[in-house]
Every structure is written in C-alpha cells, then in structure tokens.
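Trainee: Below is the structure I would like to discuss, written out as structure tokens.
The values are calculated or read from the model by the stated rules, or taken from the named source; none is laboratory data. Since the model is a prediction, treat every value here as computed from it, not as a measurement. Cβ atoms come from the backbone with ideal geometry, glycine included; neighbour counts cover every protein chain shown. Note: areas computed on protein heavy atoms with side chains; ligands, DNA, RNA excluded. Shrake-Rupley method; radii C 1.70, N 1.55, O 1.52, S 1.80 Å.
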Amino acid sequence: MDAASAPQGPEPSLTVNFCGIHFASPIVLLSGCVGFGEEYTRVEGFSNRDVGAIVLKGTTGSPRLGNSPHRVYETPDGMLNAIGLQNPGVDKVVREILPGLDFSETRFIANVCGSTIEEYVEVTRRFDHSPIDAIEINISCPNIKEGGVQFGNVPEMSARVVAACRRVTSKPLITKLSPNQTDIRENARLCIEAGTDAFAVINTVTGMAIDVETRRPILGNTQGGLSGPAIKPIALLKVKEVYEIAGPRHVPIIGQGGIVSVNDALEFIIAGASAVGVGTALFYDPLVCQTINAGIVRHLAAHGLGSVSQLCGTLHGAGVARQSKAVC
C-alpha cells in the first residue's frame, strides 16, 4: 500500500477551550478592528464563523466622541491609531447592539475601558447582565484620578482594577496587558492573584509620527498606538514572558501583535498563546483568517499533532524551562 492510498487519520482540530468557552478556531478578532462585530460581514467571502471569538470595540460608561483628527497613520510595517475610544456608551451597546449579534456564529467578548476604577466596575457590571461570553479589561486607559498614569503600566494598579471588576462579574475576565511597562511578569502575577482568568498580550506600543513640512505631530492626539508587523518581535517576547507566569497556573493567553501569516500565528502558539489575535492584518487582507486556519491545520498534520493545545507552550531553547501548559 503506497502513501497515497494509506488510510488517513482524522484532520487536526482547530477548536480551543478558552476559559471554558468553546472557540471554533484559535483566531480572535481584536478590539477596535471590527467595530461591534458587523463591519467585515459586508465583505464578500468573510464569515464570523471563521474565527473563535470577536472582541467588540472598547466601551466606556458614557458615550465618547474620540480624539481630534488625524486619528490613523500608516507607518512602515504598521499603523498608528489614536481613535480615543469613540463609542456610544455601555447602555446603548447592551440594549441595542448586542441583541443584533448572531451568537450562533462565534463567541463575542466585550472590551471594557474606563478613566477610573469606578467606571471599569460599572461597565463590567452592565456586561455581566448581558449575553456577552467574556469580558476583556483594557487597562491601558488614562487613569484620571492618578494624574494621567495608565493603569496597565503599574502592576499594583492593574491588580486593583482586576480585583474590582472580579467582584461584579462571574463571566471570564481577560486582562489586556500593556507592553509599555517595566515588568510584565510581575503585572501578570498580581493580576492572577486579583482574579483574572486569562490575558491578552499585548496592547499597542506607544509611538508618534511628524509632518516634516509643518513640523507638527500628524496625529491630533500627538501619540498613538502602533500595531502591525513592526511590533511582532516585542509581542512575541512578552507572550513568552507572561507564559512563564501564567502557564504553570493554567491561565490562558491570547497572543497578539503583528500577526499576518500562519507562521506568525504558530510562533505565538509555540511561545505559549492558547489563541491568537488578528487585527491590523484585516486592513490588508479581510480574508486572512481563512488562510491562517488552513495553514495551522496543515502544520499540525505535518507534525502529527491533533490539536492546537498540543502545540501551545512547546518552545525549546536556551533559557526556556519546560512548564505545565496553560489550558489551550
């Protein structure tokens, strides 16, 4: 019997168990890139069923208009954005937007933002009484009461936000960690102790661009968040570092930052990500998720693996200790 006629085993599975939630694919569409889950459904060939989950646009307690223009600027291998959390407020999202989402297609994750701990708590409480599947806490927002310091850059402040939100929801909490901090491992450790169920690693990297003719910042907010392939090496290292803390504690990670190809996704999974976030890549190729899904299946089959979880956290090499794997 030749190889072509030999019986084939079952095709590797793309499904992921993330905090007890069934993801049909390890791909998660990132907050801010797909609005409130409907924007790319207008693109021919795109389907929400191709992804495991969609993180909705950042939501605050009251409506926000966002920053002054310009808000977006393309950079070499990336994009700067300073939207400023433009959103209609949590009441409208819960009452008018969530009922219009098709929860049979994929899982939906809320993204909670705030300027104070009280705002984080109130928005989290509103989403707790909704059909949303999980809640992502965006702790990279300015903390008005603490002189503009970002919650996510100080581990103790991050933990305070997580603990406060934990008290008002039973839904899975995903803490979105900032790369703009000194010790992401310590932040992860304190957030786990405060009650987070998972992490999203990383948020955008702070950057700016200048118009050389006017000698003014191009973004109306002066600075913005850099995303895209330019930040991938940074994000990959941060996922590995957080996995060193989260892996032994069985706390899963959504690895994100510059993923545009199947190899990018595989690198993040090997580094310790249970799922992978795709965002900026959608602006270049709205159907990229189909390509990544197919590539992951091929890679698993070629290496005799039956699931994504078997690849998660399998990084070898100098300075890498084998650890108990997170729930993948």
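Trainee: With both bridge residues required to lie in the chain, what share of the DSSP beta bridges run antiparallel, to the nearest 5%?
Mentor: Details: 18 of 47 bridges.
Given both bridge residues lie in the chain, the antiparallel proportion sits at roughly 40 percent.
Trainee: Could you tell me how far the Cα centroid of region 1-80 sits from the Cα centroid of region 145-210, in Å?
Mentor: 22 Å
Trainee: Just how far, in whole angstrom, is region 267-306 from region 212-256 if you go by their alpha carbon centroids?
Mentor: Between the Cα centre of region 212-256 and that of region 267-306, the gap is 18 Å.
Trainee: OK, next. What value, in deg cm²/dmol to 500, does the helix sum -39500 (n - 2.57) over DSSP H runs of n ≥ 4 give at 222 nm once divided by the residues of the chain? The partial results should precede the final answer.
Mentor: Numbers: 7 runs with 79 residues, N = 328.
My calculation for the chain gives -7500 deg cm²/dmol from helical runs alone.
Trainee: Taking DSSP loops as anything outside H, G, I, E and B, show the longest stretch in the chain free of GluC sites (Glu not before Pro) there with at most 13 other beta carbons within 10 Å. Please report the intermediate quantities before stating the final value.
Mentor: Working: sites that count: Glu44, Glu213.
The longest uninterrupted stretch comes out as 45-212.
Trainee: Within straight cross-link reach of Lys232, meaning Cα distance under 12 Å, which aspartates and glutamates are found once same-chain residues fewer than 8 apart are removed?
Mentor: Asp77, Asp264, Glu267
Trainee: Counting only heavy atoms of the protein chains, get the accessible area per residue of region 72-181 (1.4 Å probe) and round it to a whole Å² value.
Mentor: On the way: 4350 Å² over 110 residues.
In whole numbers, region 72-181 has 40 Å² accessible per residue.
Trainee: Compare the peptides 82-94, 15-27 by average per-residue count of other Cβ atoms within 10 angstrom and give them in order, highest first. Let's see the in-between values first.
Mentor: Values: 82-94: 18.4, 15-27: 20.2.
Highest mean packing first, the order is 15-27, 82-94.
Trainee: List the aspartates and glutamates whose alpha-carbon lies under 19 Å from that of Lys57, not counting same-chain residues fewer than 8 positions away?
Mentor: Hits, sequence-local ones excluded: Glu38, Glu39, Asp91, Glu96, Asp102, Glu105, Glu119, Glu122, Asp128, Asp133, Glu136.
Trainee: Also, quick follow-up: Can you send over the carbon and sulfur percentage of the accessible area for the chain, probe radius 1.4 Å, protein chains only? It would help to have the intermediate numbers written out before the result.
Mentor: Values: 7430 of 14190 Å².
Carbon plus sulfur share of accessible area: 52 percent.
Trainee: Sticking with this one: Along region 218-227, what does the Karplus equation 6.51 cos²θ - 1.76 cosθ + 1.60 (θ = phi - 60°) give for ³J(HN,Hα), rounded to whole Hz, x for Gly and Pro?
Mentor: 6, 7, x, 8, 6, 10, x, x, 8, 10
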